[in-house]
């Protein structure tokens, strides 16, 4: 199993990769090399001792010069083996070169075994029984001691023992004594038994190496998992602390909130009520806790609808906002409340509680009603006398009542223009009030939009001429059918075209295009004005918004036209927007769905 130290969650162990087997073999080879070379110093010491003992025991023979020559070669081979062990210990990359070091050790073992085989073949022909016994003891010790040295690799032991046994066996088979010739088969058998023991020990060593590697690996993983567990415990403690802090903040927010807050269980019973809720409905917290809110705060006539909304909330697990209900207070007074219900869902998808926020909007609704009544009454009361004033001024300016002096005509013309602006403002206010209150009725009918465009251009050419601006339809106008209110659509077109004419430079051309875009038709009005400042773009369609007040005073306008256009277009199922025009100016566009 592999572990990542930086992970915050434990992951299951992956299956061994294809490259893990060669890696494990290399690791086992490195362990074998380390074990073999760890036994080399003891083997070198034992070899030196045996060489000295052999020289001392054979010093009185007739082959003294051979004994000393053999001992010199044996000591030289032993020294080379010692240097080999020293070089291995100094090699920092010995684990990567383990196979090479094992091969060199096998060569040293072969040389050492050959030396002892030479000793046996040279001196066993001596007719001294004590020397025979000494050589047998030396060879037996060499074979048995080699098991301990090369137990980690039975093949190296076999290479080491073969040159020891073969010359000695040959010497026994060719000896003149029949007893020794009969004894000769026992030596290879003893060698085979020693090889078997070495093989068994080698198997045990490999199992030990694997167990040690597994233990180290498990220990490393244990350390990593322990570190990960410590980090997770620290993160859990931090998360717990953050949850506690958030809980305290939330509790403080709920207690101090001016909005009434209920925590309800899935059956609609109150679990917790904040002071604002107690003050709003006139009930103490212990009177609401554990009771169904629907039974206490709603009239019997409204309870079925309230319970239906509650079941929908539990089924969909989605918040319900801005739900307005008339609710009786404890003192019997009815108030209009705006409810927002938010379900708290656990990891299993079960609703554990519902947070209900309640605002008293009674005064707000009353203020909106009074404002609308005031606006409507004032607008009607102003429009009636203003219409009469404008009519009288128009009679004077038309000369129907006789000629007047130029000074009087100039004054009456100014009065008429400003009276007309005031009447336009009143009409716009009335239209906007109707739209926002939902009282503006639209009668949608299928008609060709290109005909409305031509009619709007005709009606506004005289107005555009006052600003020395020309109106024209650019390109071919598509004849697609759309469902719109004819009168309201003409009002929107008139507003857009007149705005484009007012804010275009003298001699400019205001172009109107009409094109199909999939399932929609786009109507666009293109002007060559100064464009819309970046700071004003977000407020273009809000009430009383005007980018350049000085220019507006010069050109005229109330700042309500685009706001009215946006709401009327949306009532007819379309949308309105604007873009910068290439080469300067602005393009206002309207997208309307085609009539199916």
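Out of curiosity, is residue 203 part of a helix (DSSP H, G or I), more than 30 Å from residue 343 (Cα to Cα), within 36 Å of the chain's Cα centre (by Cα) and without any contact (Cβ under 8 Å) to a residue 60 or more places away in the chain?
The answer is no for residue 203.
When you go through 74, 162, 82, 158 one by one, which is the residue that is farther than 30 Å from residue 181 by Cα and either part of a helix (DSSP H, G or I) or at pLDDT below 75 (or both)?
Of the residues listed, the single one that is farther than 30 Å from residue 181 by Cα and either part of a helix (DSSP H, G or I) or at pLDDT below 75 (or both) is 82.
Could you list, in sequence order, all residues of region 125-139 that are at pLDDT 60 or above and either outside any helix (DSSP H, G or I) or surrounded by 14 or more Cβ atoms within 10 Å (Cβ to Cβ) (or both)?
Of everything in region 125-139, those that are at pLDDT 60 or above and either outside any helix (DSSP H, G or I) or surrounded by 14 or more Cβ atoms within 10 Å (Cβ to Cβ) (or both) turn out to be 131, 132, 134, 135, 136, 138, 139.
Within region 313-323, is even one residue over 30 Å from the mean Cα position of the chain (by Cα), closer than 20 Å to residue 280 by Cβ and in a strand (DSSP E or B)?
Yes, the conditions are met somewhere in region 313-323.
Does at least one position in region 474-488 carry a residue that is at positive phi and modelled with pLDDT under 90?
Looking through region 474-488, at least one residue is at positive phi and modelled with pLDDT under 90.
Would region 546-557 turn up any residue that is at pLDDT 80 or above and buried (at least 20 other Cβ atoms within 10 Å of the Cβ)?
Among the residues of region 546-557, not one is at pLDDT 80 or above and buried (at least 20 other Cβ atoms within 10 Å of the Cβ), which makes the answer no.
Listed here are the residues, each with its yes/no results for (1) crowded, with 17+ Cβ neighbours inside 10 Å; (2) part of a loop (DSSP other than H, G, I, E, B); (3) under 36 Å from the mean Cα position of the chain (by Cα); (4) not assigned by TED's automatic domain parsing to the domain that holds residue 343.
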site	(1), (2), (3), (4)
232	no, no, yes, yes
236	no, no, yes, yes
239	no, no, yes, yes
244	no, no, yes, yes
249	no, no, yes, yes
262	yes, no, yes, no
266	no, yes, yes, no
272	yes, no, yes, no
276	yes, no, no, no
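In the list 306, 336, which residue meets the criterion of being outside any helix (DSSP H, G or I) and at negative phi?
None of the others qualify; the one that does is 336.
Under the condition of being free of Cβ contacts under 8 Å to residues at least 24 places away in the same chain and in contact with a helix residue (DSSP H, G or I) (Cβ under 7 Å, 6 or more places away or on another chain), which residue from region 180-200 is surrounded by the most Cβ atoms within 10 Å (Cβ to Cβ)?
187
Between 448, 528, which is surrounded by fewer than 18 Cβ atoms within 10 Å (Cβ to Cβ) and either over 15 Å from residue 589 (Cα atoms) or in contact (Cβ under 8 Å) with a residue 12 or more places away in the chain (or both)?
448
If I filter region 262-272 for residues that are free of Cβ contacts under 8 Å to residues at least 60 places away in the same chain, over 14 Å from residue 352 (Cα atoms) and in contact with a helix residue (DSSP H, G or I) (Cβ under 8 Å, 6 or more places away or on another chain), do I get at least one hit?
Looking for residues that are free of Cβ contacts under 8 Å to residues at least 60 places away in the same chain, over 14 Å from residue 352 (Cα atoms) and in contact with a helix residue (DSSP H, G or I) (Cβ under 8 Å, 6 or more places away or on another chain), one finds none in region 262-272, hence no.
Has region 461-470 got any residue that is at pLDDT 90 or above and more than 27 Å from residue 395 (Cα to Cα)?
Yes, some residue in region 461-470 is at pLDDT 90 or above and more than 27 Å from residue 395 (Cα to Cα).
Write out, first by first residue and then by second, each pair whose Cβ atoms fall under 8 Å of each other, whose residues are 6+ apart or on separate chains, and whose first residue, in region 227-242, is touching a residue at least 60 places away in the same chain (Cβ under 8 Å) while the second is surrounded by 11 or more Cβ atoms within 10 Å (Cβ to Cβ) and not in a helix (DSSP H, G or I).
Pairs found: 228/3; 228/7; 228/10.
The values are calculated or read from the model by the stated rules, or taken from the named source; none is laboratory data. Because the structure is a prediction, the values reported are computed rather than measured. Backbone-built Cβ (ideal geometry, glycine too); neighbour counts: all protein chains shown.
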